[in-house]
Amino acid sequence: MLRHTRLLLILGAALILPVPRAHAATPSVRGYWKTPSGAVVLIAPCGQSLCAQIAALSRGKHPLTDTNNPDPRLRERPLCGLRIGDGFVEVDAQHARGGHLYDPKSGRTYSGQMTAEGDHLELRGYIGLPIFGRSETWTRASQPPPCPPPP
C-alpha cells in the first residue's frame, strides 16, 4: 500500500511540474537590447504603444549628455535614461511599426520599424519610405544596473 501511494504521488507530481520546451520562446521586440556601440536599450510598453529608452551606456569615451540635440535647451540632458523611441505599434510579438527613433549621435529623428528574430532585433530607421533608410541589428541583452544618478 505504501509503495502504491508513493507511485501515485510521483506520477501526480510529474503531471503538475512544468515540462521543458523543445524550442525557444517566441521572439519578441520587447526587452533589453545591446546596440552595436555597446549601449543597452529597453523596449517596453508606454501607454498604448512601445517605447525605447537607453538603459545603460557603453563603456569608453563618449558624451554622457545629448550634446547633438538640435534644441540647445536639451543638450545637457543625460543620455542614460533618455527615451529614443516612441509610438511603436506592436503588430505581433515579433514586429513593431509606426514609431519614431531618435539618434543621439546625429541629433536626428527617423520613422522606424522593428523585427525580432531569435536573439536579434533588426531596427530600420528611415525618412519617408522604409526603402530610403538603413537597418541596424541589436542583440538581446540582460537587464543592466540602473543608470547612475546625474552629478
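Restricting attention to the stretch 103-120, and to residues there that are touching a residue at least 40 places away in the same chain (Cβ under 8 Å) and not in a loop (DSSP other than H, G, I, E, B), which single residue is surrounded by the fewest Cβ atoms within 10 Å (Cβ to Cβ)?
Filtering first and then ranking leaves E117.
Could you grab me the full set of residues in the stretch 121-151 that are of a type in the set (D, E, K, R) and either touching a helix residue (DSSP H, G or I) at 6+ places or on another chain (Cβ under 7 Å) or in contact (Cβ under 8 Å) with a residue 60 or more places away in the chain (or both)? Show your work before the answer.
Here is the first cut: in the stretch 121-151, the ones of a type in the set (D, E, K, R) are 122, 124, 134, 136, 140.
Answer for the stretch 121-151, where residues must be of a type in the set (D, E, K, R) and either touching a helix residue (DSSP H, G or I) at 6+ places or on another chain (Cβ under 7 Å) or in contact (Cβ under 8 Å) with a residue 60 or more places away in the chain (or both): R124, E136, R140.
Identify all residues within the stretch 42-80 that are of a type in the set (V, I, T) and within 11 Å of P104 (Cβ to Cβ); write none if there are none.
Step one: filter the stretch 42-80 for residues of a type in the set (V, I, T), giving 43, 54, 65, 67.
Within the stretch 42-80, I54, T65, T67 meet the criteria.
Restrict the check to the stretch 127-147 and report whether at least one residue is of a type in the set (A, V, I, L, M), touching a strand residue (DSSP E or B) at 6+ places or on another chain (Cβ under 7 Å), at pLDDT 95 or above and not in a loop (DSSP other than H, G, I, E, B). Talk me through it step by step, then tell me what you get.
Going through the stretch 127-147, the residues of a type in the set (A, V, I, L, M) turn out to be 127, 129, 131, 141.
After this cut, where a residue has to be touching a strand residue (DSSP E or B) at 6+ places or on another chain (Cβ under 7 Å) as well, the list is 127, 141.
Filter once more, keeping what is at pLDDT 95 or above: 141.
If we keep only those that are not in a loop (DSSP other than H, G, I, E, B) as well, we get none.
No, that holds for no residue.
When you scan the stretch 40-93 for strands (runs of 3 or more DSSP E) that lie fully inside it, which ones turn up with 2 or more residues that are loosely packed, with under 14 Cβ neighbours inside 10 Å, in contact (Cβ under 8 Å) with a residue 24 or more places away in the chain and not aromatic (F, W, Y)? Walk me through it before giving the result.
Numbers: elements: 40-46, 49-56, 83-92.
Qualifying strands (runs of 3 or more DSSP E): 83-92.
The values are calculated or read from the model by the stated rules, or taken from the named source; none is laboratory data. Given the structure is predicted, the values throughout are model-derived calculations rather than measurements. Positions of Cβ are backbone-derived with ideal geometry, glycine not excepted, and every protein chain shown enters the neighbour counts.
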